[in-house]
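Beneath this line is the structure, given in C-alpha cells, with notes to follow.
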Amino acid sequence: MESLLPRWFCTTGQCSLTSSNDRTVKTNIVSTFCFIVFVTFGLLVAVLGGFLSATARRRLTNIFLLVVLFISFGAGLTQHNLWPFSSWPVLAYPAPTDANYPPLPRIMGVDVSGNEYDIDYRAWRPLGLEELLSWIKLHFARLDPAARERVGAYLLGRSNVARVQALSPAGLPYPNRWFGPLTAPTHMLHPAIWSHPESVPHNSFVGLRVYEETWNLEERTHSPQKVTRVLVFDYRQ
C-alpha cells in the first residue's frame, strides 16, 4: 500500500512533523518556479509572437507546449500538486480488492406502481452529481426530519421537471446549450441515460429513495449485479 499512496502520506508512523513541513516547503518552491516558468513562456508567446516570423513564432509556441507537458507529466508521475498543475489526488487512492468498497449514495425515482428508475445526471444541473452525492453522504444524516422532507421534495421536483424535458421534442438540455451532446463530459463520465424518449420513464415520480450501495470489487468483477444496498431515505409526495 505504501507504494500506491502519495509520497507525503506516512504509513509507517515514523514520519516527523519537521520532515513533512520540509517536503511541503520544497514542493511549494518547485510549484512557484514552475508557475513562473509557465507564465513567462506564455507571455513570450503572446507578446513576442506578433514581432516574429511565422517559423520563429511556431518554434517558440512548440517550446511553450513542451514546457507545459513536461511540468504536467512531472506533477502526475511524481504525484505532487504543482499548482496549477495537479496530480488529481482526489481520484487517486488505493481500494482494497478483498474488502467492500466504501458506501456510495444512489438516488432513485419511484413511480406510482413502486418501480424504481435511475435519474439522468443532468437533472441536477447546474449542480454536479458528484457534489450532490458528496453533500448527501456528508451532511444529509445530520438534518432534522423536516429538513430532510424539504430536500426530498426539492429533489423529487427537479427529477420530475427533468423527466418532462427529456420526453419533449427538444430533449433534456446538456450543461452547455451551445455544444449540446459535444459538451465536454464530467471527469466521472456519467452516461446521459435519458437521451432517447424510450429510455425515459413515462409515469411521474411520486417518491424518491436514497440508497447506500457497497460491493466487493473482486466479487463484482465476476457478477456486476452483486451489490449490497441499504435504504437511508424514502420520501413520498
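Please give the net charge around residue 106, taking every other residue with its beta carbon less than 14 angstrom from that of residue 106, where Lys and Arg add +1 and Asp and Glu add -1.
Taking every Cβ under 14 Å from that of residue 106, the sum is -4.
Testing the spin-label approximation: label points 7 Å from Cα along Cα→Cβ at residue 231 and residue 190. State their distance in nm.
2.4
Which of 36, 107, 63 comes first, and how do the rest follow, when ranked by fewest Cβ neighbours within 10 Å? If you can, show how the numbers build up before the last one.
Details: 36 10, 107 21, 63 13.
Listing 36, 107, 63 from fewest to most nearby Cβ atoms yields 36, 63, 107.
Under a Cβ-Cβ cut-off of 15 Å, what is the net charge of the residues other than residue 173 that fall near it, where Lys and Arg count +1 and Asp and Glu count -1?
Neighbour charge sum, excluding residue 173 itself: +4.
With r defined as the distance between the Cβ atoms of residue 59 and residue 182 and R0 fixed at 35 Å, what FRET efficiency is calculated, to the nearest 0.05?
Calculated transfer efficiency: 0.60.
Between residue 48 and residue 36, what is the spin-label point distance in nm, taking each point 7 Å from the Cα along the Cα→C-beta axis?
Inter-label distance under the simple model: 1.7 nm.
State, as an integer percentage, the relative contact order of the stretch 194-237 based on alpha-carbon contacts under 8 Å between residues 6 or more apart.
Reported as a whole number, the value is 44 percent.
For residue 203 and residue 100, what does the FRET efficiency come to when R0 = 25 Å and r is the distance between their Cβ atoms, rounded to the nearest 0.05?
0.15
For 215, 135, 194, what's the fewest-to-most ordering of other Cβ within 10 Å of each Cβ? Working shown, then result.
Numbers: 215 19, 135 13, 194 23.
With the sparsest Cβ surroundings first, the list reads 135, 215, 194.
Tell me the Rg and the Dmax, in Å, that the Cα atoms of the stretch 104-236 produce.
My reading of the Cα-based Rg and Dmax gives 15.5, 43 Å.
Readers should treat all values here as calculations from the given coordinates under stated rules, not as data from a laboratory. Quick caveat, the model's predicted, so the values are computed rather than measured. A quick note on method: Cβ atoms are made from the backbone with ideal geometry, for glycine too, and the neighbour counts reach across all protein chains shown.
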